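Peer 1: I'd like to ask some things about the structure below.
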Amino acid sequence: MWAVRNSPSLRAVVTGGAGFLGSHLCERLLADGWRVTCVDNLVTGAARNVANLRHHKAFESIQHNVSEPLYLDDAVDAVLHFASPASPVDYADHPIATLKVGTLGTHNMLGLARAKGATFFLASTSEVYGDPQVHPQPETYWGNVNPIGPRAVYDEAKRAAEAFTMAYHRTHGMKTRIVRIFNSYGPRMRINDGRAVPNFMLQALRNQPLTVYGDGSQTRSLCYVDDLIEGIVRLLEVDYDGPVNLGTADEVSMVELATRIRDRCGSSSEIVFKPLPEDDPRQRQPDLTRAQKILGWAPHTSLDEGLTRTIAYFRDRLGTG
Ligand code: UDP
């Protein structure tokens with residue numbers, strides 16, 4: 001669809017471009033021949049994440065909160081809206097900003113895409129399924145979300161973002177894409193963002209107790225960032241307007257994840273159990289049938305391989321390498 005390699009002037013705007021996923025996406029789009037404008041207000045993102053791109057002549061970055069309108073000169077071919085706090089700790093710390101970026105921010109970025117005749121690409125989330133009663137979760141499942149719980153600021157904002165996206169698609173005939181991203185991990189996660197992988201790595205590398213919440217039997221399926229980004233660029237290239245799950249089918253309990261991270265770090269930390277946060281989903285695993293069919297995509301990085309690469313990043317950040 002894009003034939004980008006032969007059209008070096010195509011331009012992508014990546015919101016949240018200095019975040020964990022956004023920075024990997026900027027890097028990949030540049031490698032694929034796009035011009036990239038990174039937009040980030042650096043609340044949870046970090047300039048460090050795109051420091052290696054700063055001297056690329058096809059890269060520019062703008063510090064801006066996309067919950068406020070953004071007007072850009074010149075053509076834009078794709079707007080990829082990845083801006084949002086994404087860790088439960090972060091969205092508890094920034095509840096109103098999280099609601100705003102998912103709702104007002106999505107509206108603003110749809111407006112930008114519409115004004116430019118660009119494709120709009122929404123980073124949605126497995127959180128739209130809430131604490132799922134269907135397992136694994138296909139895109140046709142409508143979810144089980146508590147609208148007034150602590151996670152609602154993220155979950156409901158992303159659900160509204162999907163509704164906004166479909167309304168613009170139906171009303172204005174815009175080209176839109178929706179990816180529902182399941183748990184992902186890798187280098188450039190903020191080391192203290194409070195999610196399970198960064199917490200366990202930080203704790204193991206510092207020989208502090210690993211804090212497993214609840215009895216640790218709750219599960220997640222963890223996808224390595226490079227696999228996820230591959231799925232995202234494939235989705236940008238195909239003509240498909242419905243939501244598409246991306247993640248892995250390898251489900252792991254949190255106590256097993258803690259044990260594996262501790263062992264891979266060569267740490268002597270003990271594992272301690274702490275209270276389970278409110279509305280913490282019991283189980284989560286994507287049904288990947290649609291992604292396989294539409295994108296010909298499947299993740300291929302094993303959990304051990306991905307953890308090893310991520311631990312190397314954490315060691316480097318902590319200076320324990
Ligand atoms: N978790 C944990 N210890 C921690 C951080 C998280 O046991 O130090 C658990 C959390 O309760 C949840 C799972 O790990 O069951 C994944 O949490 P995370 O914050 O990574 O993402 P979520 O999938 O909940 O959005």
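Peer 1: Residues that are more than 27 Å from Phe164 (Cα to Cα): list the helices (runs of 4 or more DSSP H) wholly contained in segment 225-321 that include at least 3 such residues.
Peer 2: Qualifying helices (runs of 4 or more DSSP H): 254-264, 303-318.
Peer 1: Confirm whether Ala291 is more than 10 Å from the ligand (Cβ to nearest atom), open to solvent by less than 20 Å² (accessible area, probe 1.4 Å) and in contact with a Phe, Trp or Tyr (Cβ under 8 Å, 6 or more places away or on another chain).
Peer 2: Spelling it out, Ala291 is indeed more than 10 Å from the ligand (Cβ to nearest atom), open to solvent by less than 20 Å² (accessible area, probe 1.4 Å) and in contact with a Phe, Trp or Tyr (Cβ under 8 Å, 6 or more places away or on another chain).
Peer 1: I need a count of the residues in segment 113-126 that are open to solvent by 10 Å² or more (accessible area, probe 1.4 Å) and out of contact with any His (no Cβ under 7 Å at 6 or more places or on another chain).
Peer 2: Total satisfying the criteria: 3.
Peer 1: Every residue in segment 10-61 that is in contact (Cβ under 8 Å) with a residue 60 or more places away in the chain and under 18 Å from Asp77 (Cβ atoms), please.
Peer 2: Hits for segment 10-61 are Leu10, Arg11, Ala12, Val13, Val14, Thr15, Gly17, Gly22, Leu25, Arg28, Leu29, Asp32.
Peer 1: Tell me which residues, restricted to segment 201-217, are open to solvent by less than 10 Å² (accessible area, probe 1.4 Å) and either near the ligand (Cβ under 9 Å from one of its atoms) or β-branched (Val, Ile, Thr) (or both).
Peer 2: Leu210, Val212, Gly216
Peer 1: From Val255, Val225, Val244, Val233, which residue is more than 19 Å from the chain's Cα centre (by Cα) and at pLDDT 95 or above?
Peer 2: Val255
Peer 1: Return the residues of segment 87-106 that are in a helix (DSSP H, G or I) and either within 16 Å of the ligand (Cβ to nearest atom) or surrounded by fewer than 18 Cβ atoms within 10 Å (Cβ to Cβ) (or both); say none if nothing qualifies.
Peer 2: Pro88, Val89, Asp90, Tyr91, Ala92, Asp93, Pro95, Ile96, Thr98, Gly102
Listed here are the residues, each with its yes/no results for (1) touching a Ser or Thr at 6+ places or on another chain (Cβ under 7 Å); (2) outside any loop (DSSP other than H, G, I, E, B); (3) open to solvent by 60 Å² or more (accessible area, probe 1.4 Å).
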position: Gly45; (1), (2), (3): no, no, no
position: Val50; (1), (2), (3): yes, yes, no
position: Pro85; (1), (2), (3): yes, no, no
position: Gly111; (1), (2), (3): no, yes, no
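Peer 1: Conditions: (1) surrounded by fewer than 18 Cβ atoms within 10 Å (Cβ to Cβ); (2) within 16 Å of the ligand (Cβ to nearest atom); (3) in contact (Cβ under 8 Å) with a residue 40 or more places away in the chain. Cys265 meets all but one. Number of the miss?
Peer 2: With (1) surrounded by fewer than 18 Cβ atoms within 10 Å (Cβ to Cβ); (2) within 16 Å of the ligand (Cβ to nearest atom); (3) in contact (Cβ under 8 Å) with a residue 40 or more places away in the chain applied to Cys265, the lone miss is (1).
Peer 1: For segment 115-129, which positions are in contact with a strand residue (DSSP E or B) (Cβ under 8 Å, 6 or more places away or on another chain) and either more than 16 Å from the ligand (Cβ to nearest atom) or under 12 Å from Ser67 (Cα atoms) (or both)?
Peer 2: Correct list: Lys116, Ala118, Thr119, Phe120, Phe121, Leu122.
Peer 1: I want to confirm something. Restricting to segment 295-321 and keeping residues that are of a type in the set (S, T, N, Q) and loosely packed, with under 15 Cβ neighbours inside 10 Å, which single residue is nearest to Asn245 (Cα to Cα)?
Peer 2: The qualifying residue nearest to Asn245 (Cα to Cα) is Ser302.
Peer 1: Here's another thing I want to ask about it. When residues of segment 136-183 are filtered for being farther than 22 Å from Leu276 by Cα and either among the β-branched types (Val, Ile, Thr) or open to solvent by less than 10 Å² (accessible area, probe 1.4 Å) (or both), how many remain?
Peer 2: So the answer is 11.
The values are calculated or read from the model by the stated rules, or taken from the named source; none is laboratory data. The shown structure was predicted, so the numbers you read here are calculated from the model rather than taken from an experiment. All Cβ positions, even for glycine, are placed from backbone atoms using ideal geometry, and neighbour counts span all protein chains on display. Just the protein is used for accessible areas: all its heavy atoms, side chains included, with ligands, DNA and RNA removed. Shrake-Rupley method; radii C 1.70, N 1.55, O 1.52, S 1.80 Å.
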